[in-house]
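Inspection log for the structure reproduced underneath, given as structure tokens.
The values are calculated or read from the model by the stated rules, or taken from the named source; none is laboratory data. The model shown is predicted, which means the values in this text are computed figures rather than measured ones. Neighbour counts run over all protein chains shown; Cβ positions are idealised from the backbone, glycine included. Heads up: the accessible areas ignore ligands, DNA and RNA and are worked out on the full protein's heavy atoms, side chains in. Shrake-Rupley method; radii C 1.70, N 1.55, O 1.52, S 1.80 Å.
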Amino acid sequence: MSLDRPIHPDPYELLPAVGSFSVTSTDLTAGDPITDHHAGGGENISPQLSWSGFPAATESFAVTCFDPDAPTPSGFWHWAVAGIPATVSELANGAGKAGGAGLPAGAFHLRSDGGPSSYLGPMPPPGDRAHRYYFVVHAVDVPTLDVDASASPAVLSFNLAFHTLARAILIGTYQIPAD
């Protein structure tokens, strides 16, 4: 059962152009399927991410995971973390747990579109085509953005549009077979 809708373009191509840097993961490979370990219907563990080559003027980071292929007009935010200090260049496997214990000091989760203020792994509709999951590290030009843990990822993204120096993107896919 495909929902038979067009594939959305890269959502970051719609934003103002910024520089880029590198993000890697010991858990994800660009363009490959995400394992059930990191899926919402599986173990729901956030993947390890590390980044390098960001601008020297970076004052903090934000990390997001977005599914532009969700069957909504606005996509689906699976994870949002703000307030990561500029001295940090990695989030460990499992850093997305509720409560923020796996996050560096000063960083905090925003609520996902599914509700929890934590990582919410991929869970597209069964039988739908493979969805793309954009894991993005944003190099930010201010130490703190004008958002708190009660903000939505869309509000975070709006603020990032004005404060992102560069972005690093790692895209994985996930699909649930039809029943």
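Numbers for the structure displayed
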read-out: Positions within segment 51-71 being outside any strand (DSSP E or B) and either buried (at least 22 other Cβ atoms within 10 Å of the Cβ) or in contact (Cβ under 8 Å) with a residue 24 or more places away in the chain (or both), in sequence order; value: 53, 54, 55, 57, 58, 59, 68, 69, 70, 71
read-out: Which numbered condition residue 112 fails, given (1) assigned to a loop (DSSP other than H, G, I, E, B); (2) open to solvent by 10 Å² or more (accessible area, probe 1.4 Å); (3) hydroxyl-bearing (Ser, Thr, Tyr); value: (2)
read-out: Those residues of segment 29-42 which are more than 16 Å from residue 120 (Cβ to Cβ) and either touching a His at 6+ places or on another chain (Cβ under 8 Å) or of a type outside the set (S, T, N, Q) (or both), in sequence order; value: 30, 31, 32, 33
read-out: Selected residue [part of a loop (DSSP other than H, G, I, E, B), more than 26 Å from residue 126 (Cα to Cα), at pLDDT below 95 and of a type outside the set (Lys, Arg)] from 16, 9; value: 16
read-out: Residue within segment 85-96 that is of a type in the set (Val, Ile, Thr) and under 30 Å from residue 5 (Cβ atoms) present; value: no
read-out: Which listed residue is in a loop (DSSP other than H, G, I, E, B) and either buried (at least 21 other Cβ atoms within 10 Å of the Cβ) or among the hydrophobic types (A, V, I, L, M, F, W, C) (or both), from 139, 105; value: 105
read-out: Scope segment 24-63; condition touching a Ser or Thr at 6+ places or on another chain (Cβ under 6 Å) and within 20 Å of residue 139 (Cβ to Cβ); matching residues; value: 24, 47, 48, 49, 50, 51, 52, 53
read-out: Residue among 74, 46 that alone is at pLDDT below 95, hydroxyl-bearing (Ser, Thr, Tyr), more than 13 Å from residue 134 (Cβ to Cβ) and part of a loop (DSSP other than H, G, I, E, B); value: 74
read-out: Qualifying residue in segment 77-90 (condition: assigned to a loop (DSSP other than H, G, I, E, B), surrounded by fewer than 17 Cβ atoms within 10 Å (Cβ to Cβ) and modelled with pLDDT under 95); value: no
read-out: Residue count for segment 115-127, restricted to those that are surrounded by fewer than 19 Cβ atoms within 10 Å (Cβ to Cβ) and either under 22 Å from residue 10 (Cα atoms) or in contact with a Pro (Cβ under 6 Å, 6 or more places away or on another chain) (or both); value: 1
